[in-house]
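In what follows, a single structure is set out as structure tokens and then discussed.
The values are calculated or read from the model by the stated rules, or taken from the named source; none is laboratory data. Everything numeric here is computed off the predicted structure, so don't read it as measured data. Here the Cβ positions follow ideal geometry from the backbone for every residue, glycine too, while neighbour counts run over all protein chains shown.
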């Protein structure tokens, strides 16, 4: 991957307002703004190889020099967020690494037997979720920020 | 808690040798030594208020300036590790914060409605697992290292 620094812990929730308030209370910070992933025409989200309109509400908490907790409340369109929330319930969905060269890194992981389950874009970058449940016992997210 | 820096991501696994090798391969590092939590006479582990002989194999990977991934393969004595592994399967068990003044912090969290589910000691410190599934959607670990 070219890095071993975890930059995000992603947590699926049913009610992001309540969960964000609970984290704000725990961490002693203001409740952050709730935002939403990019619109479909920007995100071009693909889940299991198919285009999807799925979006997710998001809230971020800084929990270290290089790391955020991301709360995610997905809509009901097909996505790894909705699938895992419906299948496993609320809880941690992924840990993320910031990488450079998305295609190359995804190809390298695919060759090692991992599978890309969802990808999308935002203004300024792109992400990929990699199913690593069998060996690493979790989902990886790769994040690439444009320079 | 007096901190908002996450210092550990704890992951339950059935086979720590295999999982540690998979993480070593992903991160491009040597497979670390597999260690084990302190013996019962040092750990004085309590799970749901009762003493238990439970121990867990452990392996650590540095994934940031202040943060490790901890792999945990518990034995079959009663513990939050064994309970969650049997109930939810392999995957992330907790995120940890390093705190000072364990009793005070546990008391403060208990007053906020959280519940301590397990605690124990090692030579040089102590830990407490706090059930925060209802509001934070995960288990917190508090770690206190003696100065």
> Taking the condition crowded, with 21+ Cβ neighbours inside 10 Å, within 11 Å of chain B (Cβ to nearest Cβ) and assigned to a loop (DSSP other than H, G, I, E, B), does residue A:136 pass?
Replying inline: yes
>> The conditions are (1) away from chain B (no Cβ under 14 Å); (2) part of a strand (DSSP E or B); (3) in contact with a helix residue (DSSP H, G or I) (Cβ under 7 Å, 6 or more places away or on another chain), and residue A:58 fails exactly one of them. Which is it?
In response: (3)
>> Let me spell it out: the conditions are (1) in a strand (DSSP E or B); (2) more than 13 Å from every other protein chain (Cβ to nearest Cβ), and residue A:42 meets all of them except one. Which number is the exception?
In response: (1)
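Of everything in the stretch A:21-33, what is more than 11 Å from chain B (Cβ to nearest Cβ), surrounded by fewer than 14 Cβ atoms within 10 Å (Cβ to Cβ) and either under 17 Å from residue B:131 (Cα atoms) or in contact with a helix residue (DSSP H, G or I) (Cβ under 7 Å, 6 or more places away or on another chain) (or both)? Give them in sequence order.
Of everything in the stretch A:21-33, just one residue is more than 11 Å from chain B (Cβ to nearest Cβ), surrounded by fewer than 14 Cβ atoms within 10 Å (Cβ to Cβ) and either under 17 Å from residue B:131 (Cα atoms) or in contact with a helix residue (DSSP H, G or I) (Cβ under 7 Å, 6 or more places away or on another chain) (or both), namely A:30.
Answer with yes or no whether residue B:63 is at pLDDT 95 or above, in contact with a strand residue (DSSP E or B) (Cβ under 9 Å, 6 or more places away or on another chain) and surrounded by fewer than 19 Cβ atoms within 10 Å (Cβ to Cβ). Give the derivation first.
Values: at pLDDT 95 or above: yes; in contact with a strand residue (DSSP E or B) (Cβ under 9 Å, 6 or more places away or on another chain): yes; surrounded by fewer than 19 Cβ atoms within 10 Å (Cβ to Cβ): no.
Taking the combined requirement at face value, the residue does not satisfy it.
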> Consider residue A:93 against the criteria (1) part of a helix (DSSP H, G or I); (2) within 13 Å of the chain's Cα centre (by Cα): it satisfies all of them except one. Which criterion is unmet?
Replying inline: (1)
> Quick check, is residue B:18 farther than 30 Å from residue A:30 by Cα, more than 7 Å from chain A (Cβ to nearest Cβ) and under 19 Å from the mean Cα position of the chain (by Cα)?
Replying inline: no
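State the number of residues belonging to the stretch B:66-79 that are more than 24 Å from residue A:64 (Cβ to Cβ) and in contact with a strand residue (DSSP E or B) (Cβ under 8 Å, 6 or more places away or on another chain). Spell out the reasoning first.
Looking only at the stretch B:66-79, we keep the residues that are more than 24 Å from residue A:64 (Cβ to Cβ), and these are B:73-79.
Applying the additional criterion that residues be in contact with a strand residue (DSSP E or B) (Cβ under 8 Å, 6 or more places away or on another chain) yields B:73-75, B:78-79.
So the count comes out to 5.
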